[in-house]
Each structure stands twice: as structure tokens, then as C-alpha cells.
Amino acid sequence: MPISKIKHAAKSLRTFQGINFESCLDNGETAEQMNKWLLEVSWEVANKGKQTVLYVFIVLRRTDLVGGIYTVIRSKVPITKKEYGNNYICLGPYNDSFVKTEVEVGESKIEAIRETVNEMKRYGVNVITGNWLIEGFPQVVLFDIGSAAHRLDGWKGDFFEYAHIGIPYHDRESNDALIFGFCVFWFIGTFIEHVKRIKKSYVIAHFHEWLAGVGLVMTRLRGYDCGLIFTTHATLLGRYLCAGAADFYNNLSRFDLDKEAGDRQIYHRYCIERAAASCAHVFTTVSKITGIESEYLLNKKPDILTPNGLSVQTFAALHEFQNLHAQNKEKLNAFVRGHFYGHYDFDLDKTLYFFIAGRYEFSNKGADMFIESLARLNHMLKSSGSDVTIVAFMIFPTATNNFNIESLRGQSVAKMLRDTVQNVQSDIGKRLYEICLRGRLPTPDQILQASDLIELKKCIYASQRSSLPPICTHNVCNDSTDPILNALRRCQLFNTRYDRVKVIFHPEFLRSTSPLLPMDYEEFVRGCHLGVFPSYYEPWGYTPAECTVMGVPNISTNLSGFGCFMEEHVHQAETYGIYVVDRRYKSAEESCHQLAQYMFDFSQLTRRQRIILRNRTERLSELLDWNTLGIYYYRARQMALQRIHPEFEEELLKCTSETFSAPSTPGVSRSSTPAPPDREEASDEEDDQDQPTSPNQQEQQSSEKSPSTIDKQYEPHLERADSVRLLSINKDLRRAAVDAANEASANDPHLESTLTDANDDEVRELTSGKGNQTSAFVSTSNSKPGLLPDAQTAALNKTLNLGLPLQGTFSDAHDGQRQAPEGETKPTVSTQDDLPSAHVLHKSLSGVDKTSFAPLSSSNTQFTSPLVDQQAAQSIGKEQI
């Protein structure tokens, strides 16, 4: 698989379902012309770190650190701005410590945002606007949760009344999520009214994770003219079950979901997540494995998969990232020299650095399997007589008291010896210069004097120690119960002289200001040789993806989204430094042995082979670039708009008809393996020629050229065929072709109806309204006073299902999938069955005079007009080695 095939694979991804993604990136011209807006809602918007929230006189602190989702939001901004321009807005909570350094606060230049924010401020809700100081410079709207905390009790009651979900008083995180959700809900409703004053608008709200789910549920209940997308990056219950050492994937269909959530006291959070997935017009998740999980735990099959990408930095010359590896590896060498002082008897030129990093989830992140495999690798290296040394770093932040004294002493001893040697070198150089300047050659006694020897001996004696090098760089608080330390003790990995595998547990985030290991994470990764991530529960896996982008070979599993993605799109991925351990269909013993064998095989590679492997790994970065993977989010947004605005595609074609041209044949779905490259691109690289293929491999490669479709279970659920999407572009040409065929049919009856029937089929599917059932809104009564502003609004589709029971508990794990027998179900709201769903929607929205809502008082959460009829709500249930 040379570069040409990789580029072709990336090209096939960028043309997903016949869409030319690059043509959609017009810096927001189309979005501005169509009045199309994207609101990205996430707790991680301009928020990475701890948050302090004020509830009246009580200070509550959030201690959870965000990571993967923050990377998704931040790295996706540039590509999204290219599509939406200034019509892209990020909504999140206000974090004072982060905003001071990462956000340029200022009044928005968009009138609709200014008016919405001012209206919320009039009712005491503090809203901060500005621009996030990252690439793309997106607009942000941040809600100060503390300023709206006095409305918590009222909003809790409203949420329970309409969604049948109660929030316990003691759950501070869920209370924060509810306040944030209602603020987002309030903002969206008012914002839509302002943007619709000029002309028809298309608004999309994309919510990430259950913390933003309250806003989505309430927005759907209100029936706003807004496409709703919900993305779960990992199910909440899935994380808890896997953390509890459950045989998760083998028992997905057997879990009593209500009981499991209740036992872990997260039932209300689980309900919010499940309701958000059911209420969204488009439900997405990040990988195939998480799609399976969502289908069982949330009773909802994803409409489309949206794999996570990265902002890939490209180098003008290939050797540049190899130089970065050599530079950062030398920093690691300096640390290792100090850490292993007194036991430094191995050759750093024959030393490889492996690492594992992530959230401290001992089993979920595969730390247990990694340590066990290291013990087996140690035995394999000693048995084979290998002179290779492996230094394995484990970066898992946990509670510590301070640095380990032995670790600091080691760095001090190494620095003292280094300074002494540098002084001796300087003195020797001066003496050599003076002696040679006099025309004589120096004798050995003149080069190295007795005083120099004394200083060197002092340093050597000071570097001796009787204890073993520490396996941990810090003093862990609960040393006796720490899972990693106990696993290292059980496997007897104590950094002895005879061990070929050395271990270093660093229980703190890497930072360049550390006195022990002054490197940030990117520098550390570039300096290592192999990343090992044998995760049991990993919905996507940014750590192996970051390794790939930086040209570092890595090991993942087929239970991680990244591993599944690479297996699907890269043929013989191990030849590109992407090793995938089978943890789904093999036992733990077999998986552990496979991981140890992968690491042993990598340790036996020569320097040239590792250079080639790093080059190949770095090539795959194009597959993980947002310029390639951003099309999946684009498609999700288009699906959401099509489901609430069936006429959206026609309007889009009118706006892009002058610049957009589509093929006359329908676009096909991407293949699971890259298609063969074009002839002008079919040139192998020098390092590919270094490894000739066997006849069996050639036969496999020839068979690989035939594309195979992806698993049909995870194909996006499209209302209309792609051929219909392209129909209106070539409508005139098709009509001319049909007329010509009809004229010819008079002379040749065999030609009759060959074109007309095909065209009629597509026209019938385009006009039948079959694919738009999910957009069937109906009107509702306006007689109930209460939650929202005065307006006659489009209510809920009678088939909409929150996946929640009417009485607040689930009677069955799959109750959302059951249907009552025909004739027993009575509609809770009236509908017009004689009209297509699109007509019902437009008729129910006609003449509506919506106004933004506002609380009546600071102590009450009642608004001036109804949310929805309660019955309708109840129906929602160069590398140097």
C-alpha cells in the first residue's frame, strides 16, 4: 500500500456518498446566503480544567478533567469555520480561570446574538460572548451557571413534568448540567426568532454528551425549527460497567439497564443520555464498536458514524519529523541516565522507549494487560539473549504527595557529573591550546591532571547506590492499594540489573516546567518508539491517533474505535506500524500473548526497519485529518436539515448551481478498503521496494483491489437514495434524454419505457414524502399556562419517543422498541392523515408568531406561554535509535 493508495483512500473518504467535501468549504458563503447557522453545544467549549460554581452562598467545585471531547471540539473548529464562516457559534459553560487566558471577551458583531444575550441578561442570567483564541477564532457564548442557580428548583420541576426525569438534590454535576441545558434552551429559542426576522433560516444545534442533553430534550419538546444532532463519545453506563470489571461485550444483551444504572446511582444521568439520543433528529457516535454499544444500552441505533480527526501538521521534507524524534529522544535519554544512576549498565543506542498514557482507568485503558505483557516480554528478551533494553513509561495521573526523593536525587547526581565533566573538558581544551601554541605535543599527564581525576572519582563514588531504581517518580497517596503499583509488584518488575524491561510510572500529567521530566506530551510522544494502548473500553482512542499523526508506531485493539477504523481502511496495517490486538474474539490469555509478541517483534527490528516503519506510519496521517473526516459531520448536519426541511436540498442546489457540478451517475458509498490508485499516481516508494512481497501476498493484494462495502448494520439511514439527491442537478438533461428515447420508441418498441420508468421511479420517491416521516410535526393546544413564551408552536411528532416511561421507571430494558397492537394505540394529539408529513409541518408552522420567552420572576421558572400539551409530552416516552 504505497503513498498513492493512501491518498486514494483519503480521497474516497472525502467523497463519502458522492459528496465532494472540498466544494462545500467556501468560508461560509453558502451558509450566509441561505441563513444557515450551526450551534455547537458542549460542556468542553472553552473549558478545560476545574470549574468553580456558586450556588447562593455555597461553593461547589467540579474536579473532573475533560480530555478527548475537548480535543474533538477544539481541533474540529478550523474545518467547520471553512464551511459556516461567522455562522458557527460555540455554546458552553463559563469557566473564569480558563476564559481569562483563552477567550477574548467582547460584544458579538452579530445582531441576533447581541439581542438574545441582552434579553437573557435582563432576567439576571450572566452571558459572556467573545472569541476563542484557537485556530479558527470561533465565536463563543458562555453561560455563567452560578448566575442562574436560583432557578434550579423550578427548572427541576419543569424538567420532571415534561420529560419525567428527576434530578437528585445531592448530584451537583447533574444540577450543573440542568442549569446549563436550560440556558442553552433559552438561548436557542430566542436566537431562532431573531434570525428568522430577515428571511427563512436553517439552524442546526449539535449537542455532545449527556451533560448537554437537557438542552436538546427541551428544545425538541418545544418543537423549535431547529435540526438537532446528538453525539455520544462514550455511553455513560458503558463506562461504569467496564470500570466494574464486567464482561461487558459478551453480556451487552443481558444487562438489566435500569438496575445497573440504579445500583451505580446514575439512573437520572442515564435517562438524560437516553432521552437525548431518542429526541435528536440525527444520532451519531464515533465508531462502529460504540455504535453496537449504543444500540443495546440506549436502544438507539446511530444514524451515521462520525470518526474523530485531528489537525494534521504537514512537513515540507520527510526528514523533519525524524529530526524531531532524535531531538526529543535525547531529552528522554537525559532523564533515563539520571533515573537509573548506579544501575546504568545498558546501551542507550540499543534502548527503545514504549509508553502508555491516558485517564487512570486501570482495566478500561488496558494497563493490566500492558503490565502482564511487559513481564512476558522481559522473559522473552532474556531467553533469546537479546541485548535490547525496553524502558516502558506509564503516564496515568493520580493523587500524589510529591516527587520521589530518589528520582530527584538521580537527576541531581546526573547533573553534577555532567557539570564536572564539562568543567574538565573546558580545562583540558585550554591546556591543549596553550601547549600546541608553543609547538609541542601534550603528554597524557598534561592532558588529564591529578586534580581532574580526583573530581571525577568523587562524582563516580557519589553515583553509587545500593537500592534499585524506583519504579515510580512520585509518592502515590495510596501506595499499598494502587492498582498499577500492585500489578508491577505481582509481576516482579523492579528494574533490576538483569531485567531487559525497565518500568517507570509517572502519575502526573507531563509538562515542560517539571523539574523531573521537563517535556510536554507532544515532545514525549515524538521521543518514544512505540505507543501501546491495549484498551478494553475505548470508544475512539485519540492517543493512538496522535501517535500515528506524529509518525510513532502504536498498538491498539479491535475494541477501540481507532483500531476498528484502521483495520477497515488499511490493508495489512501492521506493515504501517499499526498493530491491532484482538480482544473481542480471543481470550484474555491469547490477547496478552499477542500483545507481548507484537512488542517482541518490534524490539527485534533493525534501525533502518524502524525508520521505514516510522515513515509509513506518518503517511497514514492524511486518513485522520479533519479535511478528510469532516465530511461525516457535514453529512450528519445535512441529514438533520433534510428531516425537518424536506425542501432544503432544492434550496441548496439553487444557491450552488453556478459553481457546483455533480456526476451524472449516483455516488456510491465508500469502500472498506482503498480503491486502486490512478495510473499517474501508481508509483511505489523506495522503502516499499526494500520489502519484496511473496506470491501469497501478491495474491492477497490483487484480491484487495475489489472494494467491499462497509457493514450494512452501520450504514447511515438515509431517507432518499443518493441518485435522488443528484436528480435535480441534471433534471433538464434527463428530460431531454427521455424525450429522445420516446421518439425512438416509435420505431423500436423494445426501447419503450426504459428511461421513462427509471426516471418516474426517482420522481415518485422524491415526491412521495416517504423519507420524511420523522418530520411530521403537528400543532398543539395553547391553553396550558406555564413554561415557555407565548406562541403557537409546532408540537411533537406522535411517533417521537424519549425512550422513557410515563411513571419515571422502565418496565423493560427494551420498552422503547415495543409497539402496541394495531387498533389499541390512540393518538395523543390530532394530526392530518390526509396530508403528506411535509405539508403537515408547513401548515402547522404557517402564521406562527413566536416570541422569545422570559421568566416571570427571579424565583419562579414559569414563562408566558405553554411548552406543549402534557399529553403530547407523555407520548415521548530521520530516526536515531
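Each reported figure results from applying straightforward, stated rules to the coordinates on display, with no laboratory input. Because the structure is a prediction, the values reported are computed rather than measured. Backbone-built Cβ (ideal geometry, glycine too); neighbour counts: all protein chains shown.
Simple spin-label model, 7 Å along Cα-to-Cβ: N423 to L348 in nm?
Between N423 and L348, the label points sit 2.2 nm apart.
Give the calculated FRET efficiency between R438 and R497 to the nearest 0.05, with a Förster radius of 56 Å applied to their Cβ-Cβ distance. If you can, show how the numbers build up before the last one.
Values: r = 48 Å, r/R0 = 0.85.
Plugging the Cβ-Cβ distance into 1/(1 + (r/R0)^6) gives 0.70.
Could you put D368, D427, D176, D256 in order, starting from the residue whose Cβ has the fewest other Cβ atoms within 10 Å? Mind dumping the intermediate values first?
On the way: D368 19, D427 16, D176 22, D256 12.
So the residues, fewest neighbours to most, are D256, D427, D368, D176.
At 7 Å along the Cα-to-beta-carbon direction for both L453 and E522, put a label point, then send me their distance in nm to one decimal.
Those two pseudo-labels are separated by 5.0 nm.
Test of understanding: extend the Cα→C-beta vector of Q313 to 7 Å, then name every residue of region 534-574 with backbone N under 12 Å from that spot.
In region 534-574, the label zone of Q313 (backbone N under 12 Å from the point 7 Å along Cα→Cβ) covers 550-551.
Please give the contour-minus-distance gain from E104 to F137: 0.36 nm per residue of separation, less the Cα-Cα distance, rounded to one decimal in nm. Walk me through the numbers before you get to the answer.
Values: separation 33, 0.36 × 33 = 11.88 nm, distance 0.94 nm.
Taking 0.36 nm per residue and subtracting the Cα distance, the gain is 10.9 nm.
Taking a ≥ b ≥ c as the square roots of the eigenvalues of the Cα gyration tensor of region 487-625, is the shape rounded (a/c under 1.5), prolate (a/b larger than b/c) or oblate?
It comes out rounded by the Cα gyration axes.
At 0.36 nm per residue, and after removing the present C-alpha to C-alpha distance, how many nm does the segment from D171 to E651 gain when stretched out fully? Don't skip to the end; give the middle numbers.
Values: separation 480, 0.36 × 480 = 172.80 nm, distance 4.60 nm.
Roughly 168.2 nm would be gained on extension.
Please say if region 260-322 is rounded, prolate or oblate, where rounded means a/c under 1.5 for a ≥ b ≥ c the square roots of the C-alpha gyration tensor eigenvalues, and otherwise the choice is prolate for a/b larger than b/c and oblate otherwise? Let's see the in-between values first.
On the way: a/c = 3.54, a/b = 2.47, b/c = 1.43.
Prolate is the answer for region 260-322, as a/c is 1.5 or above and a/b outweighs b/c.
Kindly state, to the nearest 0.05, the FRET efficiency for N401 paired with Q597, given R0 = 41 Å and r defined as their beta-carbon distance.
Numbers: r = 38 Å, r/R0 = 0.94.
Between N401 and Q597 the formula returns 0.60.
Sticking with the crude label model, points 7 Å out along Cα→Cβ, report the distance from K415 to E22 in nm, one decimal please.
5.2
Out of all Cα-Cα pairs in region 406-469, roughly what percent, to the nearest whole number, are more than 15 Å apart?
So the pairs more than 15 Å apart make up 59 percent of the total in region 406-469.
Round to the nearest 0.05 the FRET efficiency obtained for L252 and S514 when R0 = 35 Å and r is the Cβ-Cβ distance. Working shown, then result.
Numbers: r = 42 Å, r/R0 = 1.19.
About 0.25, to the nearest 0.05.
Given axes a ≥ b ≥ c from the Cα gyration tensor, I'd like to know whether region 28-305 is rounded (a/c under 1.5), prolate (a/b larger than b/c) or oblate. Display every interim value, and only then the final one.
Values: a/c = 1.60, a/b = 1.34, b/c = 1.19.
The shape class here is prolate.
Please work out how much length the chain gains when fully extended from Y123 to D153, using 0.36 nm per residue of separation minus the C-alpha to C-alpha distance, in nm with one decimal. Provide the component values of the computation, followed by the final result.
On the way: separation 30, 0.36 × 30 = 10.80 nm, distance 1.66 nm.
The span from Y123 to D153 would gain 9.1 nm if fully extended.
Are any of the pairs K382/K586; K100/K196; K48/K100; K331/K502 more than 23 Å apart by Cα-Cα distance, and if so, which? Mind showing how you got there, number by number?
Details: K382/K586 27 Å; K100/K196 34 Å; K48/K100 12 Å; K331/K502 17 Å.
K382/K586; K100/K196, as the Cα separations exceed 23 Å there.
Within 13 Å, Cβ to Cβ, of I113, how many net charges do the neighbouring residues add up to if Lys/Arg are +1 and Asp/Glu are -1?
Numbers: positive: K109, R114, K121; negative: E107, E111, E115, E119, E193.
Net of charged neighbours comes to -2.
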